[in-house]
1. Using +1 on the beta carbon of Lys and Arg, -1 on that of Asp and Glu, and nothing else charged, what's the dipole of the chain about the Cα centre, debye to 20?
2. Can you give the convex hull volume per residue for the Cα atoms of the chain, as a whole number of Å³?
3. To the nearest 20 Debye, how big is the dipole of the stretch 170-216 about its Cα centre, given +1 on the beta carbon of each Lys and Arg and -1 on that of each Asp and Glu?
4. Charges on Cβ only, +1 for Lys and Arg, -1 for Asp and Glu, centred on the Cα centroid of the chain; of HIS114, SER365, ALA246, which one is farthest towards the dipole's positive end?
5. For the stretch 310-342 and the stretch 46-67, what is the separation of their Cα centres, given in Å?
6. Relative to the Cα centre, what is the charge dipole magnitude of the stretch 348-434, using +1 at the beta carbon of each Lys and Arg, -1 at the beta carbon of each Asp and Glu, and rounding to the nearest 20 debye?
7. Just report the Cα centroid separation between the stretch 392-413 and the stretch 113-138, whole Å.
8. Helix 318-327 versus the longest principal axis of the chain: what is the Cα-based angle in degrees, 0 to 90, to the nearest 10?
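Any read-out appearing in this document is the output of simple, stated calculations on the displayed coordinates, not a laboratory observation. The structure displayed is predicted, hence computed values, not measured ones. Cβ coordinates were reconstructed from backbone atoms using ideal geometry, including for glycine residues, and neighbour counts include every protein chain displayed.
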Amino acid sequence: MKRIGTLFLFLMLTHLGLMAQDTITVMQYNLLEYGNYNSGFAQCYESNNNTQEKDECIRTILQYVCPDILTVNEFGATQALQNDFVKHNLNIGGVNSWKTDDIVNYANSNIINHIFYNSDKMELRRHRVVRTSIRDIDAYELYFKTSALAAHDTIRLVCVVAHLKAGSGSDNESKRRAMLQNAMYFIEENYPNDNVLIMGDFNMYSSSESGYRLLTQTYSNSDILFVDPLSMEGGVGYWDNNREFARFHTQSTAQSTDNPCRSGGGMDSRFDIMMMSDEVFMGFNSVRYVNHSYKAIGNDGNHFNQSINAGVNAAVPAHVANALFTVSDHLPVAMKLAVYAKLGVEDQGASNLMAYVTPNPASGSLRLSFQQPSDGILHLELLTPQGQLVMAQDQFFPEGSNHYDLSLPNLRSGLYLLRLGASNGITQVLKVGVR
């Protein structure tokens, strides 16, 4: 799982054959104790967190965003509630394509994660749960039914939905990391090279948190890596109560409140996050992130420490800003994914060089092992994630199994792509981490 620039990716994909494309929108939202009227810590009751009032606003937000996949946190843990949510908020106005899944709640929590999806475009094949000492983390395995693929389930997307431990301090940070470590073990075992999104209310205060680094660095597992879309937008750093990150904040939608169910203080932190596996970022498995499509819905960057509907909101219409203010003390986040299907061309993986590198990540040098299809020149290119050429070599190799030691002098730590091209036209791209 490593990265690649959009233009370079497009050029790499289009030379492989004719592609048909559909675009889907994925939205993640913490619904703030939706339907969970209790007398516990949250202090959320029918009087101050009314589900019917929230539904009216949710319909406004969904109509504005038009998602194809909706994942949520803090959803009341009853089957009747999620069935009613579909009936009242999704399958309305003649639409009848939205589906959900049966609730799984090993942690026996009052609030759970959940998913809703447009069955015209995808099918849910499996719901699996990663157990942690705090809350369940839910993994939803979806297959696309795009216009190009018809009903064939050949392209997979896995949505991993987490609501991490809240609170500042090293103890809570360690608990968040432990939850994510369980998720990473699960992904490594089941989906190491798949299209994976990990999303939810992460409750993180900065990108220096150990859990954030676990997701986005290769030191723990060179095959599992997540890309934060905002790493390309300037949204990574110490974002908590920091005006420099105002346009990325998702919490809190109210400046001041006498409602004990929700937090106040105005927009001041980035708790709600959606990351993608590098396979999605690079489009290796027919699903690619649409560049610059990641948004915190309703955040115009001008409401730091203010309510999201204060004055004029330049990001959304006033009625949407008011709905966002009412539903939750979080903003939803959304991104677009392009889903590609190759038409009438041979799959790239069937004719590659069977190449691999060791070690990965590497430091100073690496060994490339591959099968040369015939005597001839092998062209090697090392590129940055943005497609910038770092080095290029042409080497002669005989037919058969070969090994080649490639020097990596003076390279900055990070992610690179090693592109190989044999003289008979067979190509392969490898993902390489450099320490």
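1. Dipole about the Cα centre, nearest 20: 400 debye.
2. Values: hull volume 61.7 nm³, N = 435.
Spelled out: Cα convex hull of the chain, divided by residues, is 142 Å³.
3. For this selection, approximately 120 debye.
4. SER365
5. 12 Å
6. On the way: 4 positive and 5 negative charges, 71 e Å.
Charge dipole of the stretch 348-434: 340 debye, to the nearest 20.
7. Going from one Cα centre to the other spans 42 Å.
8. Helix 318-327 sits at roughly 80 degrees to that axis.
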